[in-house]
Structure formats: structure tokens, C-alpha cells
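In what follows, a single structure is set out as C-alpha cells and then discussed.
The values are calculated or read from the model by the stated rules, or taken from the named source; none is laboratory data. All figures in this text were calculated on a predicted structure; none of them were measured in a lab. When we count neighbours, we look across all protein chains shown, and the Cβ atoms used for this are built from the backbone with ideal geometry, even at glycine.
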Amino acid sequence: MTEAPHSQPPHPSPDVLHLGQASRLPASPDEAVLDYPANPRPGTLYLIRFTSPEFTSLCPVTGQPDFAHIVIDYVPGDRIVESKALKLFLGSFRNHAGFHEDVTVGIGQRLVAEMAPVWLRIGGYWYPRGGIPIDVFWQTTTPPDGLWLPDQGVPSYRGRG
């Protein structure tokens, strides 16, 4: 039995700017560039989930940090979002001031506008500030028939209860 020769990983597709490259954290969400390579399983009904349990943005009133557990579920169309580019985009919110509703829905709407998934939902599970947790949910439409859609797995905030 002969071994296959050792080969280098394939060069990143021209569709991606970040994968396999040194990338800096964008200064703002508007500056962030997301990569959308081709869907490796076009025409197949499947779900992709990204979870960011340590998401941070800034309160637009106080400038204090706000923390959230973000869960993004989507059914890809012709394109998928590349995970490193998404990580950099989400990280760019560290210096961005926005209300929970604007941040959560804005992330979902940008992904939809640029990637054109079949379906997308986002859950923003925000930790309390001022004693009140705010959870924000947005989706494009009802999920496609036949899609296995697991629970997002983030319980409502209970405090010490």
C-alpha cells in the first residue's frame, strides 16, 4: 500500500478574504467584510448554527458594555457565511453602541441581505442591565417544511431563582 504524497491545504477560494489569511478585528460592524463561499451542498435542506456565547456591544446611552449569548441558525441558499469572517464581524461590535434590539436584528438583516439564505433566525439572549434581561428574536419567515430545527438551547435568565 502506498501513501498519498503529503500535500498543502488548498489555497483559499477567491470568494474568501479571511480564511487562511492574517485578519485584524474591524473597528466597526460597517467596516467588517463578510465572506460568502459557495454552499458545498446546494439543493440540500440543512441547518447551520453559529453560537457566540460571549458577544459584547456597548450601551448607546451609558457607554457601558452589554453582554449577550447570540445564536444564529440558517438554511443556506447558494452561499454560506465563512466562520472566521463572521467571528470578526461579531467581534467588531465590541466598540459599537446600539440597543439590544438594533444589534440583534441588524446582524440578522445584514446576513440575509448579503448571503440570501433560504431561511434565517437569530436569538439574542442579553444579560441583565438595570435588573432586566432583554431577549431579542428575529427570523425571515416560517422555517422550511421538513427542516430539523433544534431548540437554541439558551434558557431564559433566572438570576439566583
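Let's see how each residue does on (1) at pLDDT 95 or above; (2) under 26 Å from Ser28 (Cβ atoms); (3) aromatic (Phe, Trp, Tyr); (4) part of a strand (DSSP E or B):
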{"site": "Ser57", "(1), (2), (3), (4)": "yes, yes, no, yes"}
{"site": "Phe67", "(1), (2), (3), (4)": "yes, yes, yes, yes"}
{"site": "Pro155", "(1), (2), (3), (4)": "no, no, no, no"}
{"site": "Arg160", "(1), (2), (3), (4)": "no, no, no, no"}
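Just checking, does region 95-107 include any residue being modelled with pLDDT under 95 and polar (S, T, N, Q)?
Kept after step one, since they are modelled with pLDDT under 95, are these residues of region 95-107: 95.
Now drop any that are not polar (S, T, N, Q), which leaves 95.
Yes: region 95-107 contains one or more residues that are modelled with pLDDT under 95 and polar (S, T, N, Q).
Restricting attention to region 126-140 and to residues that are among the β-branched types (Val, Ile, Thr) and closer than 19 Å to Phe50 by Cα, the residue that is surrounded by the fewest Cβ atoms within 10 Å (Cβ to Cβ) turns out to be Thr140. Scanning region 141-161 for residues that are more than 18 Å from Ile72 (Cβ to Cβ) and surrounded by 10 or more Cβ atoms within 10 Å (Cβ to Cβ) yields a count of 1. Applying the criterion of being surrounded by 19 or more Cβ atoms within 10 Å (Cβ to Cβ) and under 12 Å from the mean Cα position of the chain (by Cα) to the residues of region 95-114, the residue that is nearest to Pro42 (Cα to Cα) is Leu111.
The condition (being of a type in the set (A, V, I, L, M) and part of a helix (DSSP H, G or I)) is satisfied by just one residue among Val136, Val71, Val105, Val81: Val105.
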